[in-house]
Amino acid sequence: GKIPVNAHHLGVDFLAFSAHKFYGPKGVGGLYVSEEVKRTLAAQIHGGGQQHGLRSGTLNVPGIAGMSEALKIAIKEMPSDAARIGQLRDHLEQELLRIEGTFLNGDPTERLYNTTNLCFSGVNAEQMIMGLGRISVSSGSACSSVVTTPSHVLSAMGLSQPDGLSSLRFSLGRLTTAQEIDRAIAQVGQVVTKLRTSF
């Protein structure tokens, strides 16, 4: 739902996706398997022989239908979402980069339109998260949000351990408003100032 994806053009054998990533129902996903690999794939779940014997079990038909509809909407609205959400992300980023000792992690152009990852040097990211209250940010990927070590991706990009532990990821979505962005800018600035002056 963020960039065009064509499994054939990518030349992949498997492509897994989760519906909630494009506003579909949670708990539903899909798996593309190339025709070449499908011929040699062994079943992992046995039983009634559904899915041509590859995955037995009753399918969640309402969830699958919801995922299909959400995917159609995501593809249709991808260009307008990219423009609107990208502008909000750029505004958030530009204002937060005004904070002294703040820099962007990653490439300024070759990235998804809805996320930014910023380092607030000398400020502990976990303390920032606690101070931001209802503003949801992350110091790592969503699947490793409880880990207290720097993101392995940021480390691979060359960030020092202290800078990795001072970095936050902001993810915007279809429902994000300009007012929420302005509120986040103000609150992040206040929290950074408070944490830097408390030491």
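The values are calculated or read from the model by the stated rules, or taken from the named source; none is laboratory data. Keep in mind that this is a model prediction, so the values were computed, not measured. So basically every Cβ, Gly included, is an ideal-geometry build from the backbone, and we count neighbours across all protein chains shown. The area values use the complete protein model at the heavy-atom level, side chains included, leaving out ligands, DNA and RNA. Shrake-Rupley method; radii C 1.70, N 1.55, O 1.52, S 1.80 Å.
Computed quantities for the displayed model
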| read-out | value |
| --- | --- |
| Charge sum, other residues only, whose C-beta stays under 14 Å from Gln127's C-beta, Lys/Arg counted +1 and Asp/Glu -1 | +1 |
| Proximal charge balance of Thr115 [Cβ under 11 Å; K/R count +1, D/E count -1] | +3 |
| Heavy-atom accessible surface of the chain: percent carbon and sulfur, 1.4 Å | 57 |
| Mean residue ellipticity (222 nm) of the chain, computed from DSSP H runs ≥ 4 via -39,500 (n - 2.57), nearest 500 | -12500 deg cm²/dmol |
| Listed peptides 2-9, 17-24 by packing density, highest first (mean Cβ within 10 Å) | 17-24, 2-9 |
| For the stretch 103-112, Karplus couplings with θ = phi - 60° (6.51, -1.76, 1.60), whole Hz, Gly/Pro x | 9, 7, 9, x, 6, x, 10, 7, 6, 5 |
| For the chain: relative contact order, % (alpha-carbon pairs under 8 angstrom, 6 or more apart) | 18 |
| Sites excluded, GluC sites (Glu not before Pro) in DSSP loops with at most 11 other C-beta within 10 Å, longest stretch of the chain | 1-99 |
| Volume in Å³ per residue [convex hull over Cα atoms, computed for the stretch 77-142] | 111 |
| Lysine-lysine proximity count for the chain, Cα under 15 Å, sequence distance 8 or more or distinct chains | 4 |
| Residues of the chain: accessible area per residue with a 1.4 Å probe, Å² | 64 |
| Charge sum, other residues only, whose C-beta stays under 14 Å from Val12's C-beta, Lys/Arg counted +1 and Asp/Glu -1 | -2 |
| DSSP beta bridge pairing in the chain, given as percent antiparallel to the nearest 5 | 95 |
| Pair Leu104, Ala42: separation of 7 Å Cα→Cβ label points (nm) | 4.8 |
| Met157 paired with Ala83, simple spin-label distance in nm, labels 7 Å along Cα-to-beta-carbon | 2.8 |
| Read-out Rg/Rh (Cα atoms, Kirkwood Rh), derived from the coordinates shown; its label in (i) 1.05; (ii) 0.95; (iii) 1.00 | (i) |
